[in-house]
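One structure is given below, encoded as structure tokens.
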């Protein structure tokens, strides 16, 4: 075995013939004689592995034969049995290189910061980016141990969401660090796709987004996005990272804006705000809002807002339709107020007949004559009906019974909800 000690300058003139060059190693420059392709021809390595090539004099794959702490400094000197040269091949199959850090520094390998730490022990298979300094090869901090996902071994990624719950227009951040050794071996030696992808699914298991992650040379990544649009509903979301042959997931909870929560059928007294905000309702239309506690107190004191009522206005155990709104509307009628009732089909089937009876001091019927077998109320759609309540009087703070009935899928339904009529 030929031995290369970098501290001694050796002049060697050797003509090297290099074959099987592939575009995956473009960072080696325009001269392919400086690189050897260690991958299958169809494999393209991830940029996290390719980018450090351009700043490295030599790139090798090998096995650690010895690992000894240096006499001075927090460093380790390694003897490496070279398996492959990936950039600027040398006529030696054994070399010596120095790296920062010593093995005893690492006590918990589950910690993210140690995932790609270039600190090795005897027997490790390694991927090294090397540069000469003071006559010795120095190991780049982007170097890594080569691993593959095995039963009982650490996951190929350690990642998390910035927080467990998000609200409204919050920016969601998913970040972490990928094991570069697994990223390399799964693609170069096992034929997996080297692209790292993220896929987020909404509470209905619909794909909300799918994208490619930009992984940095140290294996770190940070991905930001916002929940919006029709697929951006309230509930638990699942975020999955696809790395090689492995998939790792993490969940977070998202709450839409208060009004969107209400419109989606969530009970008014179950609408959620951030921990530092308080839920209030506008008396004129019962629209919800999340505000600071001191602001809520001022608005309630002035009569511009009210607190949530414990009565569930919008969801029942027989939830077929949602009460979107029930409020007085112009014109002012001396005989009694004009009240408009708006209902939404909360089910999955069309409603072909709909009626509601409001019980105040008498019974007032909303006929919804526009909901018929030929013009059904489709799922998710709303219907409104306005009725002049002759001789009626009501108070905003009192709940009244609303008997909702109709026909869905040729089957009649009827149930009662408590509602507030807003002037």
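Nothing in this text is a laboratory measurement; each read-out follows from the coordinates by a stated rule. No experiment lies behind these values; they were computed from the predicted model shown. Cβ coordinates were reconstructed from backbone atoms using ideal geometry, including for glycine residues, and neighbour counts include every protein chain displayed.
Summary of computed values
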item	result
Projected label distance in nm at residue 81 and residue 384, using a 7 Å step from Cα toward the beta-carbon	8.1
The range 230-285 - convex hull of alpha carbons, volume per residue in Å³	100
Alpha-carbon centroids, the range 260-287 and the range 397-423: separation in whole Å	20
Potential extension, residue 282-residue 259 segment - 0.36 nm per residue separation minus Cα distance	7.2 nm
Relative intensity, log₁₀ I(q)/I(0), of the range 157-255 from a Debye sum that treats every alpha carbon as a point, q = 0.14, 0.18, 0.20, 0.21 Å⁻¹	-0.52, -0.80, -0.95, -1.02
Two-site label geometry, residue 222 and residue 370: point separation in nm, points 7 Å out along Cα→Cβ	5.0
